[in-house]
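The values are calculated or read from the model by the stated rules, or taken from the named source; none is laboratory data. As the structure is a prediction and not an experimental result, all values here were calculated from the model. We place every Cβ from the backbone using ideal geometry, glycine too, and count neighbours over all the protein chains shown.
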Protein chains: 2
Amino acid sequence: MLAAAACGENVLTVGEDVRSGAVAVPVGRRLRAADVGGLAALGITRVGVVARPRIAILSTGDEVVPASAVPGPAQVRDVNAGTIAAVVSQAGGVPVPRGIAPDDAAALEGALREALADADAVVLSAGSSVSVRDLTADVVARLGAPGVLVHGLAIKPGKPTVLAVCDGTPVVGLPGNPASALVVAWRIVAPLVRLLGGERIDDEGFDARETSAVLDVPVQSRPGREDFVACALARDGEGVLHATPVFGSSNLIFTLVRADALIAVPLDRSGLTAGERVRVILP
Amino acid sequence: MLAAAACGENVLTVGEDVRSGAVAVPVGRRLRAADVGGLAALGITRVGVVARPRIAILSTGDEVVPASAVPGPAQVRDVNAGTIAAVVSQAGGVPVPRGIAPDDAAALEGALREALADADAVVLSAGSSVSVRDLTADVVARLGAPGVLVHGLAIKPGKPTVLAVCDGTPVVGLPGNPASALVVAWRIVAPLVRLLGGERIDDEGFDARETSAVLDVPVQSRPGREDFVACALARDGEGVLHATPVFGSSNLIFTLVRADALIAVPLDRSGLTAGERVRVILP
């Protein structure tokens, strides 16, 4: 593929090592402006790159109507289709909208099989009642081996997440609650899209998507799960970054609209104290 | 414009305040996943957004040949067209390639007038000899009022930069040296593209494109100019970020290929000492 096309978008991942003299652009690196320049200096205007992964996005629930519709009694607008598409795009994937499936095993299975046939991964957001969650897991289990790997994560929000692989294609079942679904999309779907896009994810290296900040007020938590708390960020006069939790229900998408980032509360902590340096995720 | 389209790309800027109940997405904010979700929850699937600015990119110099060509004696490949296009894309603009113009006043003026006619800004990279720099400034001065505003910046690399406005259209003349041109593109062209794209640039707010790190070795500088030094970044066992200058000539694009970021040495410092906390620009 053309390096020029890759540099124009600046998000494609190099699919093969490019080594020439002083320049080494290793496989798995997302092409950056300097890389394009180093290659151009050597006359290398074409490099192999990894195609953007296609990510099918399916919302489920008898009560869910498109965001453009006026919800009737006991109906809610589909928020997750839009937020997941945005997360997928930002991670370098191509969102493939698959609409809304009802809470019916046969219909859901049909919709998922169609989605699987034309995508590198499927992300669905499920209703949040226990019976509906079980329905999703049951249907996903039938789609191919090995099926459901994980049913429930030790994180908040996002506990009722389903992780599966069906005949080689990853399937992620997100909670139905929009704020929970978005947090899990940031934490699970975005890295999955980058991985499918060929990006080498290096635990040792620098990651601009994380930083640390001084916490301004205490945060409560419960040991045994990782908590993600919406926060605003600001620098003080000395340039020190401060994180302040955003007031509002953690269940509401509107809380995330007002937030800059997420504070990560480690699994083994019962809370964070004011003044301590905390880990901050920049979605 | 469709919010769905905006969210798919996730880089368009809201062109008008959207306020409804608890949700306020202010004018000048680049739409984020959570914003798209908050708007969808309220049934707002269309919002006014600012079109991506079109940025014409023109290389100049009798000695410059396209990157795909084999340079003859005293010729060099065009590196800047590719790196500037990547910086423009990443900042949310549309790069408009305008090729290579010779070191001839009439030809350069013609190429610049054509570029100006079809772009929201023009970025040119000029030859680095003094006579050629003067040619560029002379030609830019003829293109419209007020013309050249700045001829030379107190930064290194990047001193021979020209900043102009010609009949309302910004024109940036970058140094011809590829490493210098890329550093100035990061520091000047990227914020200009974001501004033309409608983004409110807030000095007080949090900027994920900057951070701080502990410097591992001393860095020499000279008071009276801001220095940008290519560096690698890594976290130590305690999660503290360290910056190490990248060994290699600051004039070489290959030095930037090996770098993660730039250390900013303030105007009034004669150098930075090992162990001090320094400002780091993440391009």
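Of note:
- Matching entry among A:ALA74, A:ALA56, A:ALA85, A:ALA69 (being in contact with a strand residue (DSSP E or B) (Cβ under 9 Å, 6 or more places away or on another chain), outside any helix (DSSP H, G or I) and without any contact (Cβ under 8 Å) to a residue 60 or more places away in the chain): A:ALA69
- Inside the stretch A:66-92, residues that are in contact with an Asp or Glu (Cβ under 8 Å, 6 or more places away or on another chain) and either small (Gly, Ala, Ser) or modelled with pLDDT of 95 or more (or both) make up a count of 5.
- The set of residues from the stretch B:88-111 being in a helix (DSSP H, G or I), closer than 14 Å to B:ALA121 by Cα and facing chain A (nearest Cβ under 7 Å) comprises just one member, B:SER89.
- For A:LEU215, the stated conditions hold: it is surrounded by 21 or more Cβ atoms within 10 Å (Cβ to Cβ) and more than 10 Å from every other protein chain (Cβ to nearest Cβ).
- Residues of the stretch A:267-283 that turn out to be farther than 11 Å from A:HIS242 by Cα, of a type in the set (A, V, I, L, M) and away from chain B (no Cβ under 13 Å), as a count: 2
- Scope the stretch A:226-254; condition surrounded by 15 or more Cβ atoms within 10 Å (Cβ to Cβ) and over 24 Å from B:GLY37 (Cα atoms); matching residues: A:ARG235, A:LEU241, A:HIS242
- Taken across the stretch B:9-21, residues that are in contact with a Ser or Thr (Cβ under 7 Å, 6 or more places away or on another chain), modelled with pLDDT under 90 and surrounded by fewer than 18 Cβ atoms within 10 Å (Cβ to Cβ) do occur, with at least one present.
- Residue match in the stretch B:262-272 (condition: surrounded by 17 or more Cβ atoms within 10 Å (Cβ to Cβ) and modelled with pLDDT under 95): no
- Evaluation of B:ALA41 against (1) modelled with pLDDT of 95 or more; (2) facing chain A (nearest Cβ under 10 Å) (one fails), failing number: (1)
- Restricting the first member to the stretch A:149-163 and to residues that are without any contact (Cβ under 8 Å) to a residue 24 or more places away in the chain, and the second to residues that are assigned to a loop (DSSP other than H, G, I, E, B), the beta-carbon pairs closer than 8 Å and six or more apart or on different chains are A:VAL150/A:THR161; A:GLY152/A:LYS159; A:GLY152/A:PRO160; A:GLY152/A:THR161.
- Residue-level analysis places A:ALA234 outside the set of residues that are touching a residue at least 12 places away in the same chain (Cβ under 8 Å) and at the interface with chain B (Cβ under 10 Å from one of its Cβ atoms).
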